[in-house]
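Here the structure is laid out as structure tokens; the discussion comes afterwards.
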Amino acid sequence: MSSGIISKGARQLVDELQGGSLEASKVFETYRKRINELTKLNAFITSLEYKPNARKEGSLYGLPLAIKDNISTEGIRTTCASLMLKDYMPPYDATAVAKLKAAGVSILGKTNMDEFGMGSSGENSAFGPTRNPWDIERVPGGSSSGSAVAVSARLSPAALGTDTGGSIRAPASFTGTVGFKPSYGYVSRYGLIAYANSLEQIGVIARTVDDAALIFGVIRGKDRFDSTSTDAKPVSSNTGRLFSGGHFKGALLPQLSDLVSKDVREAFDSSVAKLDSEGIEFAEERVEELELALKSYYVVACCEATTNLARYDGVRYGPVADPSRDWKSAISESRTMFGKEVKARIMLGSYMLSSGYYEEYYLKALYIRRNLKLRLLKLSESYDFIYTPTMPVLPWKIGEMIDDPLQVYLSDALTVIANLTGAPAISIPIALKKGLPVGGQLQGRYGLDDRLLELAATISGLLKFRGEPSI
Amino acid sequence: MIGLEVHVQMVSLKSKLFCACPTDYRGKPPNTNICPICTGLPGALPVLNIKAVEEGLKIALALHAEPSTASYFFRKSYFYPDLPKNFQITQYDKAGGVPLAHDGHYTLKNGKTIRIERIHMEEDPGRIYYEGGRGESRFSLVDYNRSGIALVEIVTSPDFTEPEEAREFLELLQKNLDEIGINVSEYEGSVRCDANISYAGGERVEVKNISGATEVEKALRYESVRQRNMATRGVKVRRETRSWDERRRITISSRSKEVEAEYRYMPEEDLPPVSLNQTIIKNIALNMRGSFEDRYRVCSKYGVGEEAAKRLAGDPALYTLFMSITGANEMDASRVGNVLANEFAFVVKKHNNPSLSGDTSSLENIIRAYIRNGDRSRFISAAHSWVSGIPVRAEEYKPKVDIDTLIDETLEKEMKNIGNLEGKRRLDYLMGQILKVSSQLNRKELYIKLQKKLEGLG
Amino acid sequence: MKFDADEISNMSLITLNRSEKKEIVKRLNALKSYLDAINSVETPSSPIILAPEGINERADEPIAFDSDKILASFHTIKNRYIKAPRTL
Ligand SMILES: [Zn+2]
């Protein structure tokens, strides 16, 4: 039964596909049908027809997955939700995609997003805003908006997203799904179209922590095409706390609670109370280094974006840079195709890297980042995790914040921390408020991704959040 | 004043600097030697060819430069058709960056030392063709086959005064690169050069993209004449970038690039820093020496006698000293080799396993002084100090001036000037001339000897 | 360099049409004044560039990529060359 299929998680689907009780084409077609029925959510930029995967022995054989549209897929257009790459066909697969294909996955399609990953709401797309299945007038969070919506609305059992400053966790929080950003370097970035390369990671959006761990297990590991990728734990694991008999200790950061709205704070506090009653110990910590974290994040991200997006000149792909005009005017003409948010960030980064300002912005941001990283590494010697809300507010109405961009930037305050430090972080749904999901964020110690996933699974089990959009 | 920025392709590598594309791009049809990385496709990442670091260090050592302990890559941003990412991955000595090596030197035949400021690695851009020539075509045709080929950039201080010195430097450098296994002379266009040139009163002019030693001399000659003519006409030379047109043999002002001085350097976070530990560097130095046969061949080529060549080739430490002292300077190489293999080896034997890691330029001075004055006992004593690691002062090896020779030389030179001078005036004049050359002489001794000499002449 | 939209536009080759300009300049100013607080942070003179984690090497072994695949994803090809605008 088709409704049966869409209610199954990734792990269960894989088990049944391997057991022979389900057929790969049937699973794919069921999802494809639902994708076509729910185009109003605008979750997909490109949806695909079924293409059987020959890897029958693969550990994920027959599992259909959605892929964020900034992850390169050979022969499948990859747009970054930008007019700049509207018709771009990558001639190669990203390593994460190649690994999924090799494990037997079939790709359902490429999901909508904020252009080049620049946005926290899913509204900055050249293909139109993605809509939240819990309330289609509201934003689903971004930038991996389509991936989160696809998972939340049962258009896909799970999806790949990317996370530069919270781009997996924010939409997971707004759509009531699980969003996992691995440690920096744990998943190869080869083929991930760069926005801010020292901050971003490919990760998973799924219905459960267990499903996220399943996909992560397939895409993780050192890759010869990414020199920052690794599969060893660079920090010896015994410097972190040892897991002992289910007794966990979490750090709370009350200094950030000013940013958090009343609704979210209530939901968060009651989750803390619940976990506390289940024997999880919490203590409050003040981390001075967090004061300038968000600012340093935006400096680093804009500076990196400036250079990463310089290659879009229309000479090889994208809007044709007219060869009959002179170089600068032709390139400038092609680059008008970037959206406003992208233009603003490129320009700001360009300014902050120019002579005399590099030291005033970029180097200072690096310094703040280094201190934060050291401080949180130290903190993780006394705690198993840092626990905060994922997003400080509930999903807002589409268009509501258009005149207040700074307010949208501020909503990243809790998620950028893990991108600055490189630590793994996961958002899990903890409650509904006013009929909208609220996410809780767990940040672990750099390199201890498996432990964070284990912990998140335990905590999810204790909070017992159940619920899906009625769409 | 002339300074050079020399770009050397590391032609000994089999693959490009940041991707696995082959390096044999010459003669291939356009855009056949490319991959996602060297065409800057979205999502592609650079991965460093570790052999390039070794080759870069070889070059650094051949130029007596100091390798850094770690080395970072930077992005240098500018928009240009041959640059697929619109930034070049290079190294930088400011903004927190560290190049591969720094502070080297190189000696020309006339004994002049050219300082090397820094040596860094970077990627070669693609090539641009213009149908019907640069002046004619309305568009550019880009070939990325060369894009990403590993380059080493050698930046000299503005120590050259004459165009022929720049040519000589490049010739010696090329020869030296061949010597250490980077056979640039076999590959056309593998050594390219930008030259900075300024004459008194004028600002610095940069002449870009000159290929090879002879062209450098021609371009610099042209530019020096042009700048001097401007000065004579009272026109001020302004800071600008020009390019060398080989065919027309002139430099042409390039308007487009000078406004783009804002390179917005930033660290390349896709490439972790390269750690250059001392063991790696020592191993490279050892490998540079090659086999006994290689070393013997090099010594013979430099004109070192058979026995001495065998001794140098058989002792890697001596051989390394020989190579770093002679460097590209072949003048005296055979004599330096003989001194190292005989007198110096004799001194070394008296010590118990000395490290021979002292300052080679000081040893070079000691040896060259010995070659000039033949004072064996002074040489032996200075060499003992050097081997023991004791700093050697110039007085210890500088030649003692031979008064008699000096008197003879001066007399010969001054003969026509002293014809109408008599007695004491003649003596005083000659005293003055000799002391002008060598002020440290014992005046009394000189006076007596000179007096005797003049008496002998009658 | 001044914090001037036209200068920055020129440096980053991003041209803004009139309607965009108003909004983007507003956005730029808001973000810049928010970020300016970072200027007052005291930094040490020691190097502060963070080394990314991971090992960084590749052996010198050539592997050819199917270049036709790449050219197929490009436009304005002329005799296998990329036809591009020219600099002045
Ligand atoms: Zn390549």
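The values are calculated or read from the model by the stated rules, or taken from the named source; none is laboratory data. Everything numeric in this text was worked out from a predicted model, so none of it was measured. Positions of Cβ are backbone-derived with ideal geometry, glycine not excepted, and every protein chain shown enters the neighbour counts. Side chains included, ligands, DNA and RNA excluded: accessible areas come from the protein's heavy atoms. Shrake-Rupley method; radii C 1.70, N 1.55, O 1.52, S 1.80 Å.
Structure notes:
- Hey, B:ILE114 β-branched (Val, Ile, Thr), within 16 Å of the ligand (Cβ to nearest atom) and more than 10 Å from every other protein chain (Cβ to nearest Cβ) or not: no
- Among the residues listed as B:THR161, B:THR107, the single one being more than 16 Å from the ligand (Cβ to nearest atom) and within 27 Å of B:GLN91 (Cβ to Cβ): B:THR107
Residue-by-condition table, conditions (1) surrounded by fewer than 24 Cβ atoms within 10 Å (Cβ to Cβ); (2) of a type in the set (Phe, Trp, Tyr); (3) at pLDDT below 95:
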| position | (1), (2), (3) |
| --- | --- |
| A:TYR195 | no, yes, no |
| A:GLN201 | no, no, no |
| A:VAL204 | no, no, no |
| A:SER229 | no, no, yes |
| A:LYS233 | yes, no, yes |
| A:LEU242 | yes, no, yes |
| A:GLY245 | yes, no, yes |
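- B:ASN283 meets each of the listed conditions (1) at pLDDT 80 or above; (2) part of a helix (DSSP H, G or I) apart from (1).
- Looking only at the stretch A:357-366, and only at residues there that are without any contact (Cβ under 8 Å) to a residue 24 or more places away in the chain and facing another protein chain (nearest Cβ under 7 Å), the one that is surrounded by the fewest Cβ atoms within 10 Å (Cβ to Cβ): A:GLU360
- Of note, B:PRO29 does not satisfy the criterion of being free of Cβ contacts under 8 Å to residues at least 24 places away in the same chain, within 10 Å of the ligand (Cβ to nearest atom), under 20 Å from C:ALA84 (Cα atoms) and at the interface with chain C (Cβ under 10 Å from one of its Cβ atoms).
- In the stretch B:70-83 there is at least one residue matching the filter, namely being within 24 Å of B:ILE116 (Cβ to Cβ) and within 7 Å of another protein chain (Cβ to nearest Cβ).
- Checked against (1) within 21 Å of C:LYS78 (Cα to Cα); (2) touching a strand residue (DSSP E or B) at 6+ places or on another chain (Cβ under 7 Å); (3) more than 16 Å from the ligand (Cβ to nearest atom), B:GLY132 passes all but condition (2).
- Residue within the stretch A:450-470 that is in a loop (DSSP other than H, G, I, E, B) and of a type in the set (Ser, Thr, Tyr) present: yes
- Summed over the stretch B:161-202, residues that are over 15 Å from the mean Cα position of the chain (by Cα), surrounded by fewer than 14 Cβ atoms within 10 Å (Cβ to Cβ) and either of a type in the set (S, T, N, Q) or within 17 Å of B:ARG221 (Cα to Cα) (or both) total 1.
- Per-region count, the stretch B:36-88, residues more than 16 Å from the ligand (Cβ to nearest atom) and either open to solvent by 10 Å² or more (accessible area, probe 1.4 Å) or not basic (Lys, Arg) (or both): 31
- Meets criteria (more than 13 Å from the ligand (Cβ to nearest atom), outside the structural domain of B:GLU364 (by TED's automatic domain parsing) and closer than 30 Å to A:GLY318 by Cβ) for B:PHE18: no
- Pairs linking a residue in the stretch B:8-21 that is facing chain C (nearest Cβ under 8 Å) to a residue that is of a type in the set (Ser, Thr, Tyr) and within 13 Å of the ligand (Cβ to nearest atom), with Cβ atoms under 8 Å and 6 or more positions apart or on different chains, are B:LEU13/B:THR23; B:LYS14/B:THR23; B:SER15/B:THR23; B:CYS21/B:SER15.
- Residues being surrounded by fewer than 22 Cβ atoms within 10 Å (Cβ to Cβ) and either away from chain A (no Cβ under 14 Å) or modelled with pLDDT of 85 or more (or both) - total across the stretch B:93-103: 3
- Selection within the stretch A:56-86 - among the hydroxyl-bearing types (Ser, Thr, Tyr) and open to solvent by 10 Å² or more (accessible area, probe 1.4 Å): A:SER59, A:TYR61
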